[in-house]
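Encoded as structure tokens, the structure appears first; notes follow it.
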């Protein structure tokens with residue numbers, strides 16, 4: 001049974017959205033340089049049918065230690081700023097993550113949907129459904145004091161911004177218009193001298209009127 | 001960076017008079033139907049919870065011991081507490097035990113206990129007959145020595161080790177004396193045919209309510225600690 005068939009099974013004969021409910025959880029795969037880290041919002045390790053293991057991020061008091069934004073649609077061409085965070089970590093972990101922050105540079109985070117049928121435990125048999133992929137841009141490190149009515153607690157948090165494929169779409173992928181750049185490009189094509197841009201520097205801040 | 005969790009044994013002298021295990025299966029609320037029935041889904045996974053209450057202690061268990069325990073409880077230690085005073089496990093009688101090997105444990109062959117008046121622990125086991133994977137909820141056990149002792153609501157410990165996680169039987173299907181169990185909580189490790197289940201489980205958990213445990217502390221000859229609620233530690 002694939003994902004859509006599982007959804008269909010939940011849907012049954014119902015047609016109104018208010019009558020349909022299906023336990024779906026989003027699962028997150030951070031594909032870092034040295035290897036992927038996988039998380040799901042729940043208790044214990046989730047084993048999906050493709051053999052991947054996902055770490056549960058919810059603690060005993062129901063706090064999810066991994067914060068992820070809800071899905072956003074990029075079909076209108078916008079690139080939403082998605083912030084994924086680990087808001088409650090200890091100092092040791094915080095420092096360790098700071099040391100390896102380049103691990104996340106331009107790496108993808110993938111979001112899948114997992115349908116959890118009853119009596120499957122933490123071993124769902126339905127394949128995952130790909131939902132979204134974001135590129136991790138810049139990690140943010142923050143530590144600060146918070147007051148919890150009794151004492152000050154130093155709180156360490158790490159978050160990272162992910163952007164979808166629309167990120168920087170408006171920027172054309174061309175070279176800069178300088179004489180040096182033009183000569184380099186010409187050299188790549190085997191042309192010894194290209195003086196086509198020699199005049200460019202002289203045109204800086206100059207208004208040119210065609211005669 | 002690996003983390004080594006220190007596990008403390010719950011002091012054997014601080015015996016609870018009442019223990020209750022439950023699978024903390026909460027549910028997730030979802031939408032209303034057109035007929036305004038609110039739907040809910042059982043939460044996936046979940047952990048075992050053990051509640052224990054204590055009666056009055058005197059003698060060996062004095063206020064010093066309890067006060068030490070209070071600090072350990074507040075420090076969030078992982079405790080190992082045997083489930084001995086619970087009607088939810090298969091009783092020794094059901095397992096075919098005679099009076100002498102009841103919950104007080106097994107004496108030496110000359111019917112004498114150890115010098116501290118304690119017997120050997122009574123630790124009946126049964127064998128798993130088919131491989132079971134971590135995260136699944138199905139388990140097959142051979143109950144040949146005991147008969148059909150497992151039914152809905154019975155708690156067993158899965159794994160031969162003392163830290164085998166307690167789990168509740170939700171459904172049983174018998175084929176002769178081979179029982180196919182549907183468990184309430186997902187298995188915490190991979191098991192192979194030949195591994196054991198224990199009829200007297202041991203709970204490994206952290207105390208969730210240190211305030212309640214410490215709340216009844218007072219100086220005196222006789223002391224009564226408050227109840228504790230242990231939440232299964234997933235290590």
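Where a number appears in this text, it was derived from the coordinates with a stated rule and is not lab data. Fair warning: this is a prediction, and the values are worked out from it, not measured in the lab. In this analysis, Cβ positions are derived from the backbone assuming ideal geometry, glycine residues included, and neighbour counts consider all displayed protein chains.
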Item to check | Sequence-separation-based contact order of chain A, relative, with Cα cut under 8 Å and 6+ spacing, percent | outcome: 19
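For residue A:166 and residue B:9, FRET efficiency with R0 = 56 Å and r from the beta-carbon atoms, rounded to 0.05?
0.45
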Checklist outcome for this item: Highest GNM mean-square fluctuation among B:118, B:39, B:173, for chain B with Cα springs under 10 Å, belongs to B:39
Item to check | Theoretical ellipticity at 222 nm over chain A - DSSP helices of four or more residues, -39500 (n - 2.57) apiece, nearest 500 | outcome: -4000 deg cm²/dmol
Checklist entry - residue B:87 label point, 7 Å along Cα→Cβ, cut-off 19 Å on backbone N: hits in the range B:119-133? => result none
Checklist outcome for this item: Quick calc, residue A:60 & residue A:130: beta-carbon distance into FRET formula, R0 35 Å, rounding 0.05, result 0.65
Checklist entry - Can you sort B:181, B:196 by how many other beta carbons sit within 10 Å, fewest first? => result B:196, B:181
Next on the checklist: Suppose a student asked you for the relative contact order of chain B, using Cα pairs under 8 Å spaced at least 6 residues apart; what percent would you report?
Outcome noted: 25
Checklist entry - What percent of all Cα-Cα pairs in the range A:3-163 falls in each 10 Å bin, counting up from 0? => result 9, 32, 33, 18, 6, 1
Checklist outcome for this item: If A:114, A:22 are placed from fewest to most neighbouring beta carbons inside 10 Å, the sequence is A:22, A:114
Next on the checklist: Please compute the length gained on full extension between residue A:140 and residue A:52, using 0.36 nm multiplied by the number of residues separating them and subtracting their Cα-Cα distance.
Outcome noted: 28.9 nm
Next on the checklist: I'd like to know how chain B sits against the 2.2 N^0.38 Å rule of thumb: what's its Cα Rg over that expected value?
Outcome noted: 1.13
Next on the checklist: Please compute, for peptide B:132-138, the average count of beta-carbon atoms on other protein chains lying within 10 Å of each residue's beta-carbon.
Outcome noted: 6
Checklist outcome for this item: Share of Cα-Cα pairs in the protein assembly as shown beyond 43 Å, whole percent, is 33
Checklist entry - Looking only at A:191, A:37, A:161, which one moves most when chain A is put into a Gaussian network model with springs between Cα atoms under 10 Å? => result A:191
Checklist outcome for this item: Within the range A:47-78, the residues whose backbone N lies under 18 Å from a label point placed 7 Å from the Cα of residue A:153 along the Cα-to-Cβ direction are A:57-67
